[in-house]
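Report on the structure given below.
The values are calculated or read from the model by the stated rules, or taken from the named source; none is laboratory data. As the structure is a prediction and not an experimental result, all values here were calculated from the model. For neighbour counting, all protein chains shown are included, and Cβ atoms are generated from backbone atoms with ideal geometry for every residue, glycine included.
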Amino acid sequence: MPDAVSVRSLTRTFGDFVAVDRVSFDVAEGEIFGFLGPNGAGKTTTIKMLTGLLRPTDGQAIVAGHDVAREVAVVKRNLGYMSQQFSLYADLTVEENIRLFGGLYGVTGARLTARRDWILEMAGLSHHRTRVTGELSLGWKQRLALGCAVLHEPPILFLDEPTSGVDPVSRRNFWDLIYEFAEAGTTVFVSTHYMEEAEYCHRLALMNRARLIALDRPDRLREAVQEPLLELRTDNRARAVEALREHPVVLEAAMFGQAVHLLVRDRDRAMDEVPRVLRSAGLACEALEMIPPSLEDVFVALVRREGGAPVG
Amino acid sequence: MSLTRLLAISRKELLQLRRDARSLYLAFILPLVLLVLFGYAISFDIRSIRMAVLDQSRTPESRELIESFAGSGYFSVVEHLETPAEADRALGSSAVRLVLIVPPTFAADLASGRGAVVQALLDGADANSATIAQNYAEAIVSGYSTRAVARGRRVTLPVTAESRVWYNETLESRNMIVPGLIAVIMSIIAAMLTALTIAREWERGTMEQLAATPVHRLEIVIGKLVPYVAIGLFDVALALLVGVVLFGVPFRGNLLLLGLLSLLFLIGSLGLGIFISAAVKSQVLATQVAMLATFLPALLLSGFIFTLATMPIVLQGLSYVVSARYYVAVTKGILLKGVGASVLWEDALAMVVFAVAGLAMAIGVFRKELA
Amino acid sequence: MTLPSPMRIREMVRKEFRQLFRDPRTRAVIFVAPVIQLLMFGYAVNTDIRSTATFLIDHDRTLESRELVDAFRATGYFEVVKRSERPLDLVRALDHGDALVGIEIPKGFARDLAAGGTSIQLILDGAESNSATVAQGYAQRIVQRFALERARQRGALPSGGIELRTRAWYNPNLESRVYNVPAVVGVIIMLMCLLLTSLAVVREREFGTLDQLVVSPLTHQELMLSKTLPVAVVGVIDLTAIALIAVFWFDIPIRGFPPTLFLAALLYILSGLAVGLLISTISRTQQEAFMSMFLFLQPAIILSGFFYPIESMPTVFRWVTLLNPVRHFLEIIRAVFLKGEGLATLWPQYVALAVIAVAVLRLAVARFPKSIAA
């Protein structure tokens, strides 16, 4: 079975600035492929190159079996795209927007009627079909944008941070829809900076500073962090991080929610040393235990291994 | 190219336009406002020029001379001055445009046959009005002079000039302005409406969404052109109707030819508008550039009101790349002169070049972003 | 009412200046566009009649007919660009617009002139009605002088008569540029004020940053003040720059006292800012603001006396022009530049400008908070 997306040494520079640096990966059909990384890591630039919105400086991208550089028209027919910001026409009504994109994708007649009804139903906009889009709430707008992106039932769907700014419940509903598409055989290529969303993906690509630093299933990525991870609860997290950061046993200390996460060289030594360091700094050690790494921990660890701090 | 996609773009453009009251106003009401203003409010026809008189002669002859100014219909005497110093104030405050000074020796000089001199001080600030006033004054004085020296004898001048004015027999500014105004209105439509159309899509991010669809740049450009061309042609018809029916501007040529050439002009101007809009990608800048690149040249360098022949050579040269120049020649030619393709073919050819160039630029500018 | 806070205004004004000057293209719009407009208008708005393209048909070809033609040429108003024997060529030249005036001298002109009665034909292209009117006046004068001289030579007319000596004050060579360039300065300044003020507010509304400002302690007065202050500064700079170009490049004499002009400019800029603010209160998008501006400016220019004398307008329109700030400013700037007038004669225009500025400003201030809440 051919890959839905196949990328080889894709590179894009803007003047001296390298936005995407020799990125290569493949996405299988029907896969939910996550693109993870801080702002400015090169996610959006990569998606723009895959959707034909931006020409690569170097390298090759095959989408739906066609070279984006050479057969951009065919590629565009086979993909749906939803950008970071809401970008349907705010001064058209819900129905008029659907009809416009129907016309652009060549979906007309009975099929358009069927697809329109499906979108209105899916987005919960059946009662607001004649409202001007600009007046809708952000959650509705986003579902309408998703509807317009899949109007022509494309085999591949590109979503660039589709849920930014949306409340958690809407976000959850949005992901239910993404699962439905994937089960129906659509390949979903989604970028996000919400770590909990990344867990929903079949596979994850981590980007930092224009480079792809890891690519695997979420569980395997976790296993890739071999150093033990400890969670510390203390009365002053900031001072605790400060006190522990320079200690030889601690590789990385970072505040994480209500706790402090410590990546350490040796679990037993750390369990001994950490409470002592805290005591001498006048801090309480309320709890210290080993935990499985979250994706964020993985990300921090991988960036450290690459020898640099994440951008953003 | 797909007709479905093209129509989808055109339809969208029309829907957006329909919701945009101000663009509608610009497209349909402004042309009427301009026609009414140009047709009724303004005119270069100078009548009853305000003048003052300083009569130092105070004789029947001097009164007769002044009377012939007032009786001509071109001047109205609004002030009688007592001292030469008052002339300064009268002209300076723009109370009058001309001061006629008749010297104390006027009657005696005239009677003696030595020849009398009268002086006209003109407010030269407005050179155009002053020139016209000067010509009228000269004609009046010369007429009176001939009568005065002949002393009742009938004097026929050995040669006279019979003027015949072609195309606009009564020399009404309105007849000259309405045809040119059509070109200016078309340029406003082209510049103002299309300058925003692409820049707005870039600023709001909708262009990116369009770019991700299979739509071809040719379809975007033509899809966007269609509604504006329709509006433009409607406005030409409206202007003609108002001009011919209401203002009595003659229409002597071929309507079909005018329609065809208007279409060419619109395609070229709209193409340029779209090019500007897509090239600068910002509404504020696009409107500025469009004003400088289309509307101002159409107003100034088209021969609409200001004669090209009297401009500096640089501007005359520049006017050859202003498509409105050719279109004004066409509208004046067809409406007033009643000439056809045999005379206008050069202008038509130039407009074909502009239309092709405009379209090519509009389509070319998307090369980077779109298929 | 709380007093405006200098600190907040200072920060806002600083921000406005940064936004205005950061983008090199916007800088170009602010400082280069007015200069281009002045140059274009300064040269193009020209109603002088010089070297009018003239088509000559001389059927007589005698010394007398040549003398008449020379009389036309000597004035500099007419230039024979083509000559022919066939009237059809004249038709073609006028149809093409190659000539504006045709002179046709009949066969037997010299003989009939000596006998005391002939006429020549003057054909004018009425499609250029303005030039045609002026050219007609000149041509009639030339022929009349020629005729009078001949009549005197033959003794058909006693000597003497009246000579009219005309002197054009303020503009001795009657160049239309002298009159038009100061007016162009006025129109350009209005354009800048309207554009920058209305877009400054509306752009923030469109981008959503206006809400951010409204929830800050910034008051409406401070907001309006900080939006208009930078534009006023830019307006004064632009005015100075293009007025200098008018004086030094176009050789427009400035006979009045420059501070008089500055006072008028301040009132005028204030009225422009007020109209700009008013437009911003009725516009949600930049596009709407721009269209509104254009819809105001077009009639304002036509009814300002810029190219078309106000005294030739019908009464109704003459009354309407009194509401037009552009009209009053053009009267001031022309009188100060060309006639050296001052407040003593121009005070009615100053009062009118001040009244208009204050009235529109009050309207804009009253509408502003409502338009923000909307």
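Here is a yes/no grid of residues against (1) among the aliphatic types (A, V, I, L, M); (2) more than 15 Å from the chain's Cα centre (by Cα):
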position: B:Val284; (1), (2): yes, yes
position: B:Thr287; (1), (2): no, yes
position: B:Met291; (1), (2): yes, yes
position: B:Leu296; (1), (2): yes, no
position: B:Phe304; (1), (2): no, no
position: B:Leu318; (1), (2): yes, yes
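Considering the range C:88-141, the residues that are more than 8 Å from chain B (Cβ to nearest Cβ), under 36 Å from the mean Cα position of the chain (by Cα) and among the hydrophobic types (A, V, I, L, M, F, W, C) include one that is nearest to B:Glu172 (Cα to Cα), namely C:Ala135. Please determine, by comparing only the residues of the range C:142-157 that are more than 43 Å from the chain's Cα centre (by Cα) and of a type in the set (D, E, K, R), which one is farthest from the other protein chains (Cβ to nearest Cβ). This residue is C:Arg152. Please specify each residue of the range A:165-191 satisfying the condition of being part of a loop (DSSP other than H, G, I, E, B) and loosely packed, with under 15 Cβ neighbours inside 10 Å. Across the range A:165-191, the qualifying residues are A:Gly165, A:Asp167, A:Ala184, A:Gly185. Listed by position, the helices (runs of 4 or more DSSP H) enclosed by the range C:312-374 that each have at least 3 residues that are among the polar types (S, T, N, Q) are C:343-373.
Remark: pairs (first residue in the range C:333-347, closer than 16 Å to B:Val96 by Cα; second residue buried (at least 23 other Cβ atoms within 10 Å of the Cβ) and of a type in the set (Phe, Trp, Tyr); Cβ separation under 6 Å; 6+ apart in sequence or on different chains) = C:Leu338/C:Tyr170; C:Lys339/C:Tyr170.
Here is a list: B:Trp166, B:Trp202. Which entry is in contact with a helix residue (DSSP H, G or I) (Cβ under 9 Å, 6 or more places away or on another chain), among the aromatic types (Phe, Trp, Tyr) and under 30 Å from C:Gln144 (Cα atoms)? It is B:Trp166. From the list B:Pro214, B:Pro179, the lone residue that is in contact (Cβ under 8 Å) with a residue 24 or more places away in the chain, outside any helix (DSSP H, G or I) and in contact with a Leu (Cβ under 8 Å, 6 or more places away or on another chain) is B:Pro214. Give the residues of the range C:86-142 that are surrounded by fewer than 22 Cβ atoms within 10 Å (Cβ to Cβ), under 23 Å from C:Asp48 (Cβ atoms) and of a type in the set (S, T, N, Q), sorted by residue number. Scanning the range C:86-142 gives C:Gln136, C:Gln140. Test C:Leu56 against the criterion of being over 30 Å from C:Leu244 (Cα atoms), among the hydrophobic types (A, V, I, L, M, F, W, C), more than 11 Å from chain B (Cβ to nearest Cβ) and buried (at least 16 other Cβ atoms within 10 Å of the Cβ), and give yes or no. Yes: the conditions hold for C:Leu56. Taking the range A:26-71 as the range and being in a loop (DSSP other than H, G, I, E, B), within 14 Å of chain B (Cβ to nearest Cβ) and in contact (Cβ under 8 Å) with a residue 60 or more places away in the chain as the test, the residues that pass are A:Thr51, A:Ala64.
Scanning the range C:153-210 for residues that are farther than 30 Å from C:Tyr43 by Cα and of a type in the set (S, T, N, Q) gives C:Gln153, C:Ser159, C:Thr209. Checking the range C:281-293 against the condition returns no match, with no residue being more than 10 Å from every other protein chain (Cβ to nearest Cβ), assigned to a helix (DSSP H, G or I) and at pLDDT 90 or above.
Considering (1) touching an Asp or Glu at 6+ places or on another chain (Cβ under 8 Å); (2) farther than 15 Å from A:Glu296 by Cβ; (3) in a strand (DSSP E or B), the lone condition that A:Ile213 does not fulfil carries the number (2). Of all residues in the range B:9-51, those satisfying the criterion of being away from chain C (no Cβ under 13 Å) and either charged (D, E, K, R) or crowded, with 19+ Cβ neighbours inside 10 Å (or both) are B:Ile9, B:Ser10, B:Arg11, B:Lys12, B:Glu13, B:Leu15, B:Arg18. Evaluated against (1) under 18 Å from C:Ile57 (Cα atoms); (2) touching a strand residue (DSSP E or B) at 6+ places or on another chain (Cβ under 9 Å), C:Ala127 falls short on exactly one condition, (1).
Taken together, the residues in the range A:126-140 that are buried (at least 20 other Cβ atoms within 10 Å of the Cβ) and within 12 Å of another protein chain (Cβ to nearest Cβ) amount to 1. Summed over the range C:338-349, the residues that are under 20 Å from C:Val185 (Cα atoms) and within 9 Å of chain B (Cβ to nearest Cβ) give a count of 5.
Residues considered: B:Ser163, B:Ser187. Of these, the only one that is within 30 Å of C:Arg177 (Cβ to Cβ) and at the interface with another protein chain (Cβ under 9 Å from one of its Cβ atoms) is B:Ser163. Residues that are of a type in the set (A, V, I, L, M) and closer than 23 Å to B:Leu30 by Cα within the range B:200-215 are absent altogether. Would you mind stating whether C:Arg50 is more than 9 Å from chain B (Cβ to nearest Cβ), free of Cβ contacts under 8 Å to residues at least 60 places away in the same chain and surrounded by fewer than 21 Cβ atoms within 10 Å (Cβ to Cβ)? No: the conditions fail for C:Arg50. Among the candidates A:Leu112, A:Leu144, A:Leu100, the residue that is within 17 Å of A:Ser83 (Cβ to Cβ), in a helix (DSSP H, G or I) and over 26 Å from the mean Cα position of the chain (by Cα) is uniquely A:Leu100.
Which ones in the range A:101-114 are facing chain B (nearest Cβ under 10 Å) and in contact (Cβ under 8 Å) with a residue 12 or more places away in the chain? A:Phe101, A:Gly102, A:Tyr105, A:Gly106, A:Val107 - these are the residues of the range A:101-114 that are facing chain B (nearest Cβ under 10 Å) and in contact (Cβ under 8 Å) with a residue 12 or more places away in the chain.
Out of A:Leu204, A:Leu232, A:Leu212, I need the residue that is farther than 20 Å from A:Leu50 by Cα, buried (at least 18 other Cβ atoms within 10 Å of the Cβ) and touching a residue at least 24 places away in the same chain (Cβ under 8 Å). Which one? Just one listed residue meets the conditions, A:Leu232. Please go through the range A:149-190 and give me each residue that is touching a helix residue (DSSP H, G or I) at 6+ places or on another chain (Cβ under 8 Å), β-branched (Val, Ile, Thr), over 24 Å from A:Thr113 (Cα atoms) and at pLDDT 90 or above, ordered by number. The answer is A:Val188, A:Val190. Within the range B:96-141, the set of residues being closer than 20 Å to C:Tyr308 by Cβ, touching a residue at least 40 places away in the same chain (Cβ under 8 Å) and not charged (D, E, K, R) comprises B:Val96, B:Leu98, B:Asn128, B:Ser129, B:Ile132, B:Ala133, B:Tyr136.
Mind checking whether some residue in the range C:143-157 is of a type outside the set (Asp, Glu), surrounded by fewer than 20 Cβ atoms within 10 Å (Cβ to Cβ) and more than 30 Å from B:Arg147 (Cα to Cα)? Among the residues of the range C:143-157, not one is of a type outside the set (Asp, Glu), surrounded by fewer than 20 Cβ atoms within 10 Å (Cβ to Cβ) and more than 30 Å from B:Arg147 (Cα to Cα), which makes the answer no. If you take the residues in the range A:283-308 that are surrounded by fewer than 13 Cβ atoms within 10 Å (Cβ to Cβ) and modelled with pLDDT under 80, which one is farthest from A:Ala224 (Cα to Cα)? Among those residues, the one meeting the criterion is A:Gly308.
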